[in-house]
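So the structure is just underneath, and the comments pick up after that.
The values are calculated or read from the model by the stated rules, or taken from the named source; none is laboratory data. Nothing here was measured: the structure is a model prediction, and the numbers come from that model. Cβ: placed from backbone, ideal geometry, glycine included. Neighbour counts: every protein chain shown.
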Amino acid sequence: MEEYRWLIYAILAAVCAGSINIFGKIGMKGIDSDLSTAVRSVVQALFVVVFTLIIGSWGKWSELRTKPVAMSMITVCGVMGGLSWIFAFRALNLAEASQVAPIDKLSMPLGILLAVIVLHERPSMINWTGILLIVGGAYLATWPRK
């Protein structure tokens, strides 16, 4: 079971991420999308800080301070995440969640492409087929409705 822990975490991440557009769309009716993003970000940051305090990870802060490259990459990651939320909530303000979600999830094939370019990872042919199917699925999911 230990060898599948990553898969359980990944599925839980997908379930949580999949609900973001729905709760965001419902919650921001009549509310500025940027303000909604800011509130979401503060709540998320506080939640994660409390979580790390509870599980004892916050005590490892000194390890991070001694690694400037890691700290700068994590900072850039935070900025990219924040921009992603700002743009996603702005999109939700203008379109249906069922239209925004598939485009937002193109982050997966883009992330794999970046992993190939930057981290030199090598997906197999079957992996590339799946990635192309995801791109095609996102296109079809946003096809104009009658």
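Sort out which residues of region 28-48 are outside any helix (DSSP H, G or I) and in contact (Cβ under 8 Å) with a residue 60 or more places away in the chain, and write them in order of number.
As a first pass, look at region 28-48 and keep what is outside any helix (DSSP H, G or I): 28-32.
Selection gives Met28 alone.
Residues of region 118-131 include at least one that is assigned to a helix (DSSP H, G or I), in contact with a helix residue (DSSP H, G or I) (Cβ under 8 Å, 6 or more places away or on another chain) and among the hydrophobic types (A, V, I, L, M, F, W, C).
Restricting attention to region 91-109, does a residue exist that is assigned to a helix (DSSP H, G or I), farther than 21 Å from Ser36 by Cβ and without any contact (Cβ under 8 Å) to a residue 40 or more places away in the chain? Among the residues of region 91-109, at least one is assigned to a helix (DSSP H, G or I), farther than 21 Å from Ser36 by Cβ and without any contact (Cβ under 8 Å) to a residue 40 or more places away in the chain, which makes the answer yes.
The single residue among Met1, Met73, Met28 that is modelled with pLDDT under 90 and farther than 28 Å from Tyr139 by Cα turns out to be Met1. The single residue among Lys25, Lys60 that is among the basic types (Lys, Arg), assigned to a helix (DSSP H, G or I), surrounded by 14 or more Cβ atoms within 10 Å (Cβ to Cβ) and out of contact with any Lys or Arg (no Cβ under 8 Å at 6 or more places or on another chain) turns out to be Lys25.
What do you reckon, is Ile126 under 26 Å from Ile11 (Cβ atoms), more than 19 Å from the chain's Cα centre (by Cα), among the β-branched types (Val, Ile, Thr) and not assigned by TED's automatic domain parsing to the domain that holds Gly18? Yes, satisfied.
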